[in-house]
């Protein structure tokens, strides 16, 4: 648990950095107020194994999140609403947004104390209310260490404890073989391929749907 004084100190530091960078003062004040409400965030890991943990995002993560996210290789494997370039301002707005969710749907992936990626879910509605979509990414410097595989395993447990669903699925662009391998290791199976369903970076791609029943 981060103390109120520590969190407020971090918020003030971020505020001054944004102001110095000539971000609109109204936006700075909005972000300051938003982060101030997060002064007593419980940053205790929800799950942890092999130095990998998933936990709620905290204000202190903004710099590291921006660093790993500002990478075109990441952007090429996610949806277009993910900003590119990715700035500290984007990170701050994202972290603030995650704390409006009940239960929290998006978590930080931490490896050896450093932010290594992000993982989250999107619950579905209406007749699809028993399904939930999972998504994640790992910073390039952490690729090949098994972090995504462990984070997805932990997220499955989190979903079982916090969401009333029977079907977890992921949609993966056809070129993202490492992500498919992560899902396969966690018991997902390839349900189908939606041909020419995606346009990313002005290229038409197939979309692979991987499913796990719980």
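Restricted to the stretch 167-214, the set of strands (runs of 3 or more DSSP E) holding at least 2 residues that are farther than 23 Å from residue 151 by Cβ and at pLDDT 95 or above comprises 189-200, 203-213. Taking the stated definitions as given, is residue 180 out of contact with any helix residue (DSSP H, G or I) (no Cβ under 8 Å at 6 or more places or on another chain), within 16 Å of residue 118 (Cα to Cα) and either crowded, with 17+ Cβ neighbours inside 10 Å or free of Cβ contacts under 8 Å to residues at least 40 places away in the same chain (or both)? When the stated conditions are applied, residue 180 does not pass them.
Among the conditions (1) surrounded by fewer than 18 Cβ atoms within 10 Å (Cβ to Cβ); (2) under 23 Å from residue 188 (Cα atoms); (3) touching a residue at least 12 places away in the same chain (Cβ under 8 Å), the only one that residue 148 does not satisfy is (1).
Take residue 179 and decide whether it is under 19 Å from the mean Cα position of the chain (by Cα) and closer than 14 Å to residue 135 by Cβ. In short, yes.
The values are calculated or read from the model by the stated rules, or taken from the named source; none is laboratory data. Bear in mind that the values here come from a model prediction, so they are computed numbers and not experimental data. Here Cβ is always computed from backbone atoms with ideal geometry, including for glycine, and neighbour counts include all displayed protein chains.
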